[in-house]
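**Student:** Okay, handing you the structure first.
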Amino acid sequence: MTSELLTVDAARIDALVAELSLAEKVALMSGDSTWTTPALPERGIPAQKLCDGPNAARGDAMRGVAAASFPVGSAMASSWNPGLVERIGTALAEEAKTKGVSVLLGPTINLQRHPLGGRNFECYSEDPLLTGRIACAFIRGVQSQGVAACAKHFVANEAEVERHSISSVVDERSLRELYLRPFEMAVRDADVWTVMSAYNRINGRFASSHEPLLLDLLKREWGFAGYVVSDWGAALETVDNALAGLDLEMPGPPRTRGERLITAVADGTVPAGMIDDCVRRLLRVTARTVGLCEPDALPVSAPERAEDRPEHRALAREAAAAGMVLLRNEHNVLPLPAQGLSSLAVIGPNAHPGQIQGGGSSQVFAHYQVSPLDGLRARVDDVRYALGASNNKYLPVPGQERCWLPDADRNGLALRLFAGPEPAGEPVVSRSLSARVSPWGFIPLGLPGREDSPFDDSGSFSATLEFDYEPEQSAVYDLGLQSAGLARLYVNDRLLIDNWSSQQPGDAFFGHGSTEVRGSYRCEAAERIRIRIEFQSQSNRFIQGVRYGIAPQTASPEALLAQAEATARAADACVLIVGSNSDWETEGNDRADMDLPGRQNELIERVLAANPRTVVVMNSGGAMTMPWFERAPAVLQAWLPGQEFGNALADVLFGDWNPSGRLAQTFPRSRADSPADPFFHNADGEMHYSEALSMGYRGFAESNRQPLAPFGFGLSYTTFELTDPQIELDPQSRGARIAVTLENTGQRSGRETVQVYLSDRTAAVAQPPLKLAAFAQAELAPGARRRIELTVPAREFAYWHEGRQRFEVPAGDFELSIGTSVAERPHRGLVSQSAQVLDPEAAAEAS
């Protein structure tokens with residue numbers, strides 16, 4: 001397809017490029033601040049504002065303006081419903097406009113190569129076709145509203161370990177057939193307007209300087225007409241970035257461009273024509289989203305707005321329910337009866353408030369959050385709650401209602417910045433901060449490009465952060481402190497925590513911070529204590545800041561478990577909500593293991609023994625070990641489902657919503673079962689993708705290893721049957737046409753996903769045993785039947801020939817199998833292919 005960007009204000013853009021000076025062009029190629037690009041008002045060029053992200057339109061995180069929180073990527077993809085995801089994309093574009101945003105940094109379309117990947121929750125699937133289909137729907141929804149989507153992170157960015165330097169070592173065929181495929185679909189099928197280059201290196205070369213991928217493949221072969229933006233701080237090489245086709249360095253002010261790039265052009269190192277191409281691409285997206293030479297274009301400094309729309313609430317609830325996957329339901333424990341439950345136990349560390357999103361740049365301040373406990377209390381009069389166990393990695397950040405400006409009657413924090421290494425004398429800056437200054441839990445004091453900071457990235461400075469904390473109850477409270485930089489914490493002028501004189505490195509602050517240091521202090525209810533944090537910058541850190549946590553000491557772990565047992569035993573039924581939180585599943589670091597944190601597995605075993613009518617709800621972004629799985633009557637994977645968690649969970653548990661989610665990733669029994677596990681580590685600065693094409697369910701099929709739950713699997717409250725399959729080769733397209741009848745043979749309306757898998761039975765070329773080739777959904781009333789028609793294009797039969805640098809279909813017999821998961825494929829048929837070359841689409845240079 002030809003990109004619509006090529007025709008947007010083309011004449012005006014060409015004229016502008018001819019008018020601009022070299023300095024003006026180079027200025028446009030770097031950010032102006034953390035989230036904005038420069039404006040040239042005298043040229044009629046407005047600024048663009050960018051923001052995260054893949055499940056919410058956050059705006060400027062430091063402003064603390066609330067936004068709608070939709071389910072994360074792993075939940076969206078588990079719906080297998082592109083139409084639903086397109087509606088989410090449309091809603092997110094509407095949200096973006098309330099923040100003055102013209103570029104939404106999503107979708108995240110890296111693959112879930114290994115269950116320990118720190119950002120798996122942000123991604124869609126381990127399968128490239130499903131990822132691409134969901135991504136294209138998201139992009140179409142966003143861009144239908146005149147907001148640019150941004151496909152990220154290009155490419156082979158499937159881990160967070162040493163992400164700023166690690167080299168993903170991957171063979172060309174695997175790169176083409178797996179990891180590049182969703183990006184190719186985003187460009188060729190959905191015409192995405194921006195792409196973000198990753199932090200990592202690919203086969204030794206930084207993603208932002210990778211000329212074969214950015215220039216030769218993305219722009220020339222695929223015909224990408226938009227611009228490539230660096231991940232924040234990933235533009236490290238002035239000349240190499242420019243020669244490779246990186247169009248926009250973020251954040252601003254520029255670190256590797258500006259005068260350096262002007263000099264490189266002036267001495268002929270970087271051709272002036274490449275600068276013109278970058279500027280032309282930037283102006284295309286600006287024209288399509290904000291407009292050129294339009295005096296009423298929305299200024300990026302306009303106040304951000306929090307618009308809590310009823311239609312977005314309803315969509316968030318629908319999407320959360322649609323993504324939940326019923327993994328087990330012995331003896332039809334579910335759905336719970338709408339009447340007849342005299343009491344319900346709700347237990348677990350994620351019962352209240354629940355975890356609605358993962359950690360890092362995709363986190364937002366949600367308009368509101370419905371906890372599982374609140375959602376279930378709305379359905380049952382007698383609900384008994386018990387914590388059961390803790391799953392905290394760090395002490396929780398206190399709610400804003402507990403933090404007060406010193407000697408003032410309003411919530412907030414007092415920040416003072418000093419020009420020297422010690423926080424003494426007159427501050428350079430004094431300002432009040434919202435008590436919810438950062439959705440990811442820390443206060444960044446040295447992020448490059450902060451327009452409200454008088455210090456540059458390398459300057460030495462110090463700071464104090466002061467507030468009055470109002471405890472909920474009389475108790476001994478634990479306080480925690482982490483920092484990227486040096487820090488110490490005082491309570492009522494008494495030094496309680498020293499993270500200044502010595503530190504241990506940790507994994508917070510995207511890997512730039514220290515471990516958490518703790519202290520304790522006795523607090524009396526409603527008697528505020530004065531907390532002061534002192535901070536000193538360190539010039540060798542990219543991110544600098546502090547994170548603090550406060551929580552009352554709870555009963556002993558054994559007492560919590562005993563209380564949960566007693567609560568479960570005394571109730572008619574039990575809903576046990578366990579999982580992780582955003583400290584465990586987060587951008588910046590990978591998980592250390594697949595186990596539930598803390599003593600949650602023990603909690604599950606004891607509650608199952610206490611009440612045989614227990615539903616285990618997994619509130620996590622991805623696969624976790626479940627050693628108790630076969631002993632649990634019912635298991636529901638709820639993912640990280642956004643602001644409507646509690647309501648959507650109640651809808652599913654009580655049968656208002658018939659579970660229709662299907663796994664978009666394989667759930668292994670242990671991390672060692674993952675085909676990528678032997679290679680998921682840093683080996684001298686490299687991450688080797690040595691499992692090659694045998695990633696995910698393909699590798700499980702190759703080894704005949706049985707997972708805990710297979711790819712594509714999910715139960716329903718009704719039953720379905722597939723009959724009368726028809727499989728034939730289309731002689732014109734050389735693809736396959738498939739038809740099958742789907743019948744709802746149960747007693748409830750429900751939605752089923754028909755899945756088609758392809759296997760090369762001749763295997764003239766080494767191939768995985770099977771791969772997903774097509775899928776479709778249908779909603780059917782009890783007893784209803786529908787003929788489902790699917791198409792498998794010729795591309796699905798092809799492989800990448802490294803020697804001839806093209807996709808080819810080998811001659812031979814291919815089996816197409818039809819079913820409802822990779823493990824349940826009752827209907828199979830063969831088609832015979834003749835050898836053929838797939839000509840790439842005519843992809844003229846978009847310049």
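**Student:** Please report the Cα spread of segment 478-613 along all three principal axes, rounded to whole Å, starting with the longest.
**Tutor:** For segment 478-613, the Cα spread along each principal axis is 57, 39, 20 Å.
**Student:** Let me ask something else. Could you list the square roots of 5 times each eigenvalue of the Cα gyration tensor of segment 715-847, that is, the equivalent ellipsoid semi-axes, sorted largest first and rounded to whole Å?
**Tutor:** Whole-Å semi-axes of the equivalent ellipsoid: 33, 16, 13.
**Student:** Dividing the Cα radius of gyration by the Kirkwood radius, what Rg/Rh value follows for segment 163-319?
**Tutor:** 1.03
**Student:** Here's another thing I want to ask about it. How large a share of the accessible area of segment 1-147, in percent, is made up of carbon and sulfur atoms when the probe is 1.4 Å and the other protein chains stay in place?
**Tutor:** Here carbon and sulfur together make up 52 percent of the probe-accessible area.
**Student:** Could I ask something else about it? I need the Debye-formula profile for segment 552-635: one equal scatterer per C-alpha, no solvent, reported as log10 I(q)/I(0) at q = 0.13, 0.17, 0.18, 0.22 1/Å, two decimals.
**Tutor:** Ignoring solvent entirely, the Cα scatterers give -0.45, -0.73, -0.81, -1.08.
**Student:** Would you work out if segment 1-49 is rounded, prolate or oblate? Take a ≥ b ≥ c from the square roots of the eigenvalues of the alpha-carbon gyration tensor; rounded if a/c is under 1.5, else prolate when a/b is larger than b/c, oblate otherwise.
**Tutor:** Because a/c hits 1.5 or more and a/b fails to exceed b/c, segment 1-49 counts as oblate.
**Student:** Classify the chain as rounded, prolate or oblate from the Cα gyration tensor: take a ≥ b ≥ c as the square roots of its eigenvalues, call it rounded if a/c is under 1.5, otherwise prolate when a/b beats b/c and oblate if not.
**Tutor:** oblate
**Student:** Round to the nearest 10 and report in Å² the accessible area of residue 822, as given by a 1.4 Å probe over the protein chains' heavy atoms.
**Tutor:** About 20 Å², ignoring ligands and nucleic acids.
**Student:** Here is a further query. Sorted from largest down, what three extents in whole angstroms do the Cα atoms of segment 72-146 have along their principal axes?
**Tutor:** The principal-axis extents, from largest down, are 36, 23, 15 Å.
**Student:** So, one more: Determine how large the accessible area of residue 687 is when every protein chain is in place; take a 1.4 Å probe and give Å² rounded to the nearest 10.
**Tutor:** 10
**Student:** Next question, about the same structure. For segment 634-647, take each phi angle, set θ = phi - 60°, evaluate the Karplus expression 6.51 cos²θ - 1.76 cosθ + 1.60, and give the result in whole Hz per residue in order, putting x for glycine and proline.
**Tutor:** Ordered by residue, 3J(HN,Hα) equals 9, 9, 10, 8, 9, 6, 10, x, x, 5, 9, 3, x, 5 Hz.
**Student:** Let me ask something additional. Could you give the alpha-carbon Rg of segment 483-547 over 2.2 N^0.38 Å, rounded to two decimals?
**Tutor:** 1.22
**Student:** Rg and Dmax of segment 137-182 over Cα atoms: what are they, in angstrom?
**Tutor:** Every Cα atom of segment 137-182 included, Rg and Dmax give 14.0, 38 Å.
**Student:** How large is the accessible surface per residue of the chain, computed with a 1.4 Å probe and reported in Å² as a whole number?
**Tutor:** About 34 Å² of surface per residue is accessible.
**Student:** Rounded to two decimals, what is the ratio between the C-alpha radius of gyration of segment 118-202 and 2.2 N^0.38 Å?
**Tutor:** Relative to the 2.2 N^0.38 Å estimate, segment 118-202 comes out at 1.09.
**Student:** Next question, about the same structure. Shape verdict for segment 99-241, please, from the Cα gyration tensor: rounded (a/c under 1.5), prolate (a/b greater than b/c) or oblate.
**Tutor:** rounded
**Student:** Any lysines with Cα under 18 Å of the residue 99 Cα? List them, leaving off those in the same chain fewer than 8 positions away.
**Tutor:** Filter leaves 49.
**Student:** Evaluate the Debye formula for segment 634-712 with equal point scatterers sitting on the alpha carbons, no solvent, and hand back log10 of I(q)/I(0) at q = 0.16, 0.24, 0.26, 0.27 Å⁻¹, in q order, two decimals.
**Tutor:** -0.74, -1.08, -1.18, -1.24
**Student:** Rg(Cα) of segment 797-843 divided by 2.2 N^0.38 Å?
**Tutor:** Here the answer is 1.50, to two decimals.
**Student:** Also: Using amide H atoms built in the peptide plane, which far-off residues or other-chain residues are under 5 Å from residue 655 H to H?
**Tutor:** 336
**Student:** Further question: Could you give the Stokes-Einstein D for segment 245-369 in µm² per second, using the C-alpha Kirkwood radius, 10 °C, 1.306 mPa s?
**Tutor:** Taking Rh from Cα pairs, D becomes 74 µm²/s.
**Student:** So who's got an amide H within less than 5 Å of the one on residue 154, skipping anything under 5 residues away but keeping other chains? H placed 1.01 Å off N, in plane.
**Tutor:** Under 5 Å from the amide H of residue 154 lie the amide H atoms of 196, 197, 198, each far enough along the sequence or on another chain.
The values are calculated or read from the model by the stated rules, or taken from the named source; none is laboratory data. What you see is a predicted model; the values in this text were computed from it and never measured. Heavy atoms of the whole protein, side chains included, go into the accessibility calculation; ligands, DNA and RNA do not. Shrake-Rupley method; radii C 1.70, N 1.55, O 1.52, S 1.80 Å.
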